[in-house]
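Here's the structure we're looking at; comments come further down.
The values are calculated or read from the model by the stated rules, or taken from the named source; none is laboratory data. Keep in mind the model is a prediction, meaning the values are calculated, not measured. When we count neighbours, we look across all protein chains shown, and the Cβ atoms used for this are built from the backbone with ideal geometry, even at glycine. These accessible areas exclude ligands, DNA and RNA; they are computed on the full protein's heavy atoms, side chains included. Shrake-Rupley method; radii C 1.70, N 1.55, O 1.52, S 1.80 Å.
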Amino acid sequence: DPTMPLARPTGQIPDAAWTSGFREMTEPWKGAVGCLGVAVFFAMTIGIISWQALEQSPEEWVLRGRTGGMLWERRRGALLLRALPAGRTVAVITVGGVPAAEPPPPRDRCWHDGGQFCYAWEEDAELQLSLEPPPAPATECYSVRWTPLRPDVMLKDCFSMANVSWYGGASIRAQRWPLNGAESLSQPFVSGDFSKNPAGYGPVLERYFLGSTGVTVTVAPDVPLFLSLESNRHFCLETPAGRAAVPLRYLLCVSPDVAAAHRHVGSQLTGQARALPDTALLGCNPRRLFPPRRSPIWRYYGPVGSAAKIKRGLRSLAKRLKRHRLQEGVLALGERPTAILAAADHVPLERRKRHDSTHAWDPSLIKPLQLSITLSPYTSIASPLFLRSLRDGEAASYWLSLQPRFGGCSVPLLTTWKGRLCARLNVTSDAALSWYLARARRLRQALGTTYMVFEGAEGNAFLDQAVPPPTELAGDRYTGVLAAALATLGNATVISAGARSSHLPLFVQMSPLHSDWSHAGLKGVIPSVLHYSLLGYNFFIPDAVGGSLASDTPGDPELYVRWLQIVTFLPVMAFSTPPWLCCDAWVLNLTRQCIQRHRDFVVPLLIKYSEEWLRLGYPIFRPTWWLSPTDPTAFTVEDEFLIGDEVLVAPITEKGQTWRDIYLPGEGHLWMDTNTARVFDGGTILRNYSASLAEVPVFVK
């Protein structure tokens, strides 16, 4: 009968029988059954945990090469770059913008190709890793490409600083070596002017980061890039979220050590033939009949009210230098006195003779000193030049302009330069560049100058005003285009910024520093030297002795002397305040000795290693780890530098000190103190080494 309940299957124990039977069990049996249940529970738990540990390892290989490979770590949501066969982790990259805990599957979308790995986080981003051709047999490279799958996804990869010292990237206001001690909020990775934005990035940068573990990170030039630095934690590469899905692409390479990594990867950044600037500015005079040496640089500090006052001031400075037996070098005019002299030079010849015979500038009045002038790509909106371009309807051709969305006329993009509202030269216009270069040549000829300094090459005027730049001026392309154009003026040209232009025959002017002992002052000189040289900008002009910010004349003779001792071993010696204005007579004598030492000892070394740079791209000014690439002590030495492989300079950078600890790199090498002729072993630290105010420790290998 279908309405009757189903009969209970035979063989099952009725509930009542099971209950009564359990009640009748003795107490020992009850305990035994309970223990058995607990044991089964623990066994199952341990089995599940063991299965998860075996089946779901916290790290999983996603791509393996010959000498290394990449893994995914679930716990942190990070990519690990590991060197083989030792299994040493050389980089930890924490991934942002995707669900970090979700692991890639055992089988990926590129499984058919052993040299690639692909994985997609649904609706977020896609990751593609691939092995790339190595630049050298001992180096292996991996391409990393993140592609956002939604416009609002911001890709962000953070490189850990734990047990890794990082170098390269951007210059900062208080330069550090390594970058681990630096701090910077996320901002566009674009060169900038510290006087406009002290918290921004400086005038020399490259999309290249070098780790002490032998790893390099090189970001593709066309990626819109943001960079942040979090002191002693990590640095992060980011792409901005927006309407267009922009991939984040970079190349990871791993080498046996940090020096090998830079030789194989960093030394070939531009990929173009390198050329030397005018080595006469270093103080080199290989031919006796050649004009006098052109170092050091003496910056004009006299009156600038009129052309006549400037000319009298230049003659007066030249006479004083001659009186103090410092008559060789270059007198450098800033942008304002250059503009005043240029305006006077354009007075017609008849008026010049009739009204003021002092209008004409005669370069022989300062012989044997040479003259340098300063220009910039900016013009005031009140200048006749700018007003004439507006009147003639040529503003968009000559100056950077904002293009209208819906027809109409373009509007010049105005910005500030040295406190004035200005327009900036349009370097994408052949007509504007030709006019600008022709004007520079005319000024050089009219004023009889040897060198021309071009300020204001750094920065992206569109990004400064939160305006999307045109494609041809994205990132630092303005700096690159302007540098290439200025190189056509000859190798006696100085520029204020560098980005993918280290191969050009240009000098680079370093940023002004404060007249103090901080990293924004004296302590920042050597980290800046190492940073510039690592990125290929070996031919730089350091800031003036004593610093040029915060005071007109250095009030600290000790600071002036310690600064002078460092600059002696750099490419060019530059002075803003002459020694007779700042200090006692003994400092004037010391200045003469340092200039002589620069010419006799330093310049031949620079010429020698500049030839190596031309051939191989190796830096001329090298960190101590260049000779000790596996010694952790060398990774954080920021107050010493090598010239090539054979000279170590270890100046005093602490106020009031006459001693310091000195790290001698290169185990197995011997180093001789040039002051005392004492010899020491490399790979050691000299504790409390004496260096009086008149001395700088210098060792020859």
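Each residue of region 539-544 was assigned a 3J(HN,Hα) from its phi angle through the Karplus expression (A = 6.51, B = -1.76, C = 1.60, θ = phi - 60°), giving 9, 10, 10, x, 4, 4 Hz with x at Gly and Pro. Solvent-accessible area of region 187-246 (1.4 angstrom probe, protein heavy atoms only): carbon and sulfur portion equals 54 percent.
Between TRP659 and TRP61, the modelled labels are 5.4 nm apart [label points 7 Å from Cα along Cα→Cβ].
LEU365 contributes an accessible area of around 80 Å² to the protein surface, as traced by a 1.4 Å probe with all chains present. Placing R0 at 30 angstrom, the Cβ-Cβ distance between SER231 and ALA438 gives a FRET efficiency of 0.05 after rounding to 0.05. The residues of region 623-700 present an accessible area of 42 Å² per residue when probed at 1.4 Å with all protein chains retained. A Förster radius of 41 Å combined with the Cβ-Cβ distance from LEU421 to TRP580 puts the calculated FRET efficiency at roughly 0.55. Taking 0.36 nm per residue of separation and subtracting the Cα-Cα distance, full extension of the segment from ASN589 to VAL679 would add 29.5 nm.
The length gained on full extension between ALA484 and ALA308, counted as 0.36 nm times the residue separation minus their Cα-Cα distance, comes to 59.9 nm. Can you send over the carbon and sulfur percentage of the accessible area for region 623-700, probe radius 1.4 Å, protein chains only? Ligands and nucleic acids excluded, carbon and sulfur reach 50 percent.
When the C-alpha to C-alpha distance is required to be over 30 Å, the pairs from LYS319/LYS655; LYS655/LYS701; LYS156/LYS655 that qualify are LYS319/LYS655; LYS156/LYS655. Highest-first packing order for the peptide set 70-81, 535-546 is 535-546, 70-81, based on the mean count of other beta carbon atoms within 10 Å.
Within the same chain, lysines fewer than 8 places from LYS418 are excluded, and of the rest, those with a Cα less than 29 Å from its Cα are LYS196, LYS309, LYS311, LYS523. Distance between the pseudo-spin-label points of LEU365 and GLN116 (7 Å out from Cα toward the beta carbon): 7.0 nm.
Between the beta carbons of GLN272 and ALA466, assuming R0 = 30 Å, the FRET efficiency works out to 0.35 to the nearest 0.05. Taking each residue as 0.36 nm, the span from LEU614 to LYS196 lengthens on full extension beyond its C-alpha to C-alpha distance by 147.0 nm. Sorting 176-184, 190-198 by their mean Cβ neighbour count within 10 Å, with the most densely packed peptide first, gives 176-184, 190-198.
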